[in-house]
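Reviewing the structure listed below.
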Amino acid sequence: MISNGPPVCTRCGKEIRAAYDALLTCHSCRTRVWAFEAAAAPWQYRRSGQLAVRAFKYQNRWRIGHWLAQAMVEKACREIPLEFLTRGDIETYLALEFPENRFPPELPAMI
């Protein structure tokens, strides 16, 4: 499948062809109102990518779903460098990001 490579739209995740300006949003995102804030696409939705998604959705090829999900997880995940963060910074982040958490008190030190 053809991977979505930079530059990509910061809103919908589609590859932007001929992105010569500093504005990294595609024409669709500049002219429409979407029901989401942002998206990321691991590959272009054409040819083999389109065939794989359609086979999963409409031909009950459920095994493809695990592979599709893994590709989406890999695209969505990003590493955050932690060297410059203090334990207090990590505690604050965890409290804000997961307000109802029941993490063990030693978790920030482990991170």
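The values are calculated or read from the model by the stated rules, or taken from the named source; none is laboratory data. Given the structure is predicted, the values throughout are model-derived calculations rather than measurements. Cβ coordinates were reconstructed from backbone atoms using ideal geometry, including for glycine residues, and neighbour counts include every protein chain displayed. For accessibility, only protein heavy atoms count, side chains too; no ligands or nucleic acids. Shrake-Rupley method; radii C 1.70, N 1.55, O 1.52, S 1.80 Å.
Using alpha carbons only, how many degrees (0 to 90, rounded to 10) separate the axis of helix 87-97 from the longest principal axis of the chain?
50 degrees
Hey, got the dipole for the chain? About the Cα centre, +1 on K and R Cβ, -1 on D and E Cβ, debye to the nearest 20?
Numbers: 15 positive and 11 negative charges, 223 e Å.
Result for the chain is approximately 1080 debye, rounded to the nearest 20.
Relative to the present Cα-Cα distance, how much length would full extension add between Ser28 and Ala109 at 0.36 nm per residue of separation? Don't skip to the end; give the middle numbers.
On the way: separation 81, 0.36 × 81 = 29.16 nm, distance 4.45 nm.
Contour length minus the Cα-Cα distance gives 24.7 nm.
Hey, of (i) 1.43; (ii) 0.95; (iii) 1.18, which did the structure itself give for Cα Rg over 2.2 N^0.38 Å when calculated?
(i)
By average Cβ neighbour count within 10 Å, what is the ranking of 85-94, 41-50 from highest down? It would help to have the intermediate numbers written out before the result.
Values: 85-94: 13.1, 41-50: 15.0.
In descending order of packing, they fall as 41-50, 85-94.
What FRET efficiency do you get for Ile90 and Trp67 if R0 is 30 Å and r is their Cβ-Cβ distance, rounded to the nearest 0.05? Show your work: numbers first, answer last.
Working: r = 33 Å, r/R0 = 1.12.
Rounded to the nearest 0.05, the efficiency is 0.35.
Express the accessible area of the chain per residue in Å², computed with a 1.4 Å probe while the remaining protein chains stay in the model. Don't jump to the answer; show the numbers that get you there.
Working: 9090 Å² over 111 residues.
With the other protein chains kept in place, the chain gives 82 Å² per residue.
Within region 26-101, what whole-number % of the accessible surface is contributed by carbon and sulfur, with the 1.4 Å probe and all protein chains included in the calculation? Could the numbers behind the result be given before it?
Numbers: 3610 of 6480 Å².
Carbon with sulfur: 56 percent of the solvent-accessible area.
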